[in-house]
Amino acid sequence: MSKTIPGVLTFQEPAVTPVPVVFDSPHSGIDYPDDFDYSLSESILRMGEDTYIGELFAAAPEFGAAFLEAHFPRAYIDPNRTTTDIDEELLDEPWPGPVTPSIKTRSGIGLIWRQARPGWPVYDRKLSVAEVQKRIDVYHQPYQNVLMETVDGLREQFGAVWHVDCHSMPGVSDERSPEGPGVTRADFCLGDRDATTCAPEFIDFVAAELRGMGYSVAINNPFKGVELVRMTGTPADNRHSLQIEINRHIILNDETKEKVADFDTLRANLTKLIGKVCDYAKAKVS
């Protein structure tokens, strides 16, 4: 069922005969909650958003795929992290549950961001356990739950499911990037956590389609995929999950947020890709 939780998410069912595909955009949200009392410039904070990614993949339901999009900003709480990815430097008291910080947390961008960029702290105070738990309960878990329910339902209905987790990336790496600073990135980076979250055939198919459109494509370099593809992708069980990162240089000006001149061409090409992915999945289960 299509549904909207105001400020949290929108989930759209297929507009035509369903196929076993779901696209999601966890980092394109721009609805800032009232209690998000960040202490730095909003323009700096917004550089972490996947601006326009929801728009670029919005045609998914027209081809039979489901589409899920977050409304809240990833800096407030990141649905692409585990609930144990707690940054204890942010808290005014010990976290009462398990804590398993990731490499992202050490960079200040764990479950809840400590810094937007190196040297740019998000808050001028510590957060309480209660407010972190509220963000988990009201924002993080509903998003992950809807995604997992959708993936599980499609797998049960069709015997297989394909999930595409949609993101954008800075065009050039910085000091906290996996490859080090100053590296110019490909137009697209596809990630499957080193061939563990989808069949090699699927990532090869998507890469070939993008290259056929004239784009450069990297595989698992620099981004392999984080929590959402990990939790949904088990190819041995016919659950295939792929992360797609788009270089922001072909989307927008990262400072002004203005779309580039060829934005409509990119959107048209991604709409074609959506159709190709849906046809691919439909052929696999027919």
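The table below lists the values:
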| quantity | calculated |
| --- | --- |
| Using a Förster distance of 22 Å, the FRET efficiency for Ser216-Ala283 (Cβ separation, nearest 0.05) | 0.20 |
| R0 of 25 Å, Cβ-Cβ distance Ala208-Thr184: FRET efficiency to nearest 0.05 | 0.65 |
| Under 17 Å from the Cα of Lys282 - lysines, other chains or at least 8 residues apart | Lys272 |
| Relative contact order of the chain, pairs being alpha-carbon contacts under 8 Å that are 6 or more residues apart, as % | 21 percent |
| Coil-residue trypsin sites (Lys or Arg not before Pro) of segment 64-173, DSSP, other Cβ within 10 Å capped at 14 | Arg125, Lys126 |
| Folded to 0 to 90 degrees: helix 200-212 orientation relative to the chain principal axis, Cα | 90 degrees |
| Acute angle (nearest 10 degrees) that the helix 263-285 long axis makes with the longest principal axis of the chain, alpha-carbon atoms | 60 degrees |
| Fraction of antiparallel bridges per DSSP, the chain only, in percent to nearest 5 | 45 percent |
| Relative contact order, percent, segment 197-286 [alpha-carbon distance under 8 Å, six or more residues apart] | 27 percent |
| Carbon/sulfur fraction of accessible area - segment 186-280, other protein chains in place, 1.4 Å, % | 47 percent |
| R0 of 25 Å, Cβ-Cβ distance Thr234-Glu88: FRET efficiency to nearest 0.05 | 0.20 |
| Cα centroid separation, segment 21-86 to segment 241-285 (Å) | 16 Å |
| Relative contact order (percent, whole number), segment 37-154, Cα cutoff 8 Å, 6+ residue spacing | 29 percent |
| Segment Glu156-Trp120, extension gain: residue separation times 0.36 nm, minus the distance between their alpha carbons | 8.4 nm |
| Simple label model, 7 Å out from Cα along Cβ direction - Ser107 to Leu40, nm | 1.4 nm |
| Between helix 141-158 and the chain: long-axis angle, C-alpha atoms, 0 to 90°, nearest 10 | 20 degrees |
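The values are calculated or read from the model by the stated rules, or taken from the named source; none is laboratory data. Being a predicted model, the structure only gives us computed values, none of them experimental. Positions of Cβ are backbone-derived with ideal geometry, glycine not excepted, and every protein chain shown enters the neighbour counts. Just so you know, the surface numbers come from the protein's heavy atoms only, side chains and all, with ligands and any DNA or RNA stripped out. Shrake-Rupley method; radii C 1.70, N 1.55, O 1.52, S 1.80 Å.
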